[in-house]
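> This structure is in structure tokens; I'll ask about it shortly.
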Amino acid sequence: KRSATSARSAAAQRAAQAAAATVESAVAQSAAAEANSALSLERLVVQLGPDLRAVYPFVLNFGLAGEVELSGPASKAVRPSGTIRLQNGDINLVATQLSLARDHPNTIAFSADDGLLDPAVDVLLQGDEVRAL
């Protein structure tokens, strides 16, 4: 009887130790999450190019360049500002091939004042029989 009782006691002790370790891990993860939520970006500049491309195979392929500045808390949507230039590229819409007009600025502009990740897109695409603004 004594050995069965001591075996149960040892198992209960191991279970208690495992539970304590789980609680300690959860507390550490919670503290890490709190520390991460306090992380904030202040005018982090991301430079794009010269060989950066936005590609969706068989559909679109654009060369990108420019600079975007990020500010705000990392745990929420940051406030971007800056302009990305679409230098060259095309879109394949099954029966229609469209290309960026070379004489147009073709930009994606972000404004921190808007506070949203909702850029102003100014792109001119043209094809043999189609011109889209």
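> Given the peptides 103-110, 63-70, 91-98, 80-87, arrange them by the average over their residues of other C-beta atoms within 10 Å, most packed first.
80-87, 63-70, 103-110, 91-98
> In nm, to one decimal, how far is the ASP118 label point from the ASP103 one, both placed 7 Å along Cα→Cβ?
Rounded to a tenth, the inter-label distance reads 3.4 nm.
> Apply the a/c threshold of 1.5 to the C-alpha gyration tensor of the range 71-114 and tell me whether it is rounded, prolate or oblate. Please report the intermediate quantities before stating the final value.
Details: a/c = 4.44, a/b = 2.22, b/c = 2.00.
It comes out prolate by the Cα gyration axes.
> Right, here's the next one. If I take all pairs of Cα atoms in the range 39-127, what percentage of them are more than 17 Å from each other?
55 percent
Just so you know, all these numbers are worked out from the coordinates, no wet-lab data involved. The model shown is predicted, which means the values in this text are computed figures rather than measured ones. Cβ: placed from backbone, ideal geometry, glycine included. Neighbour counts: every protein chain shown.
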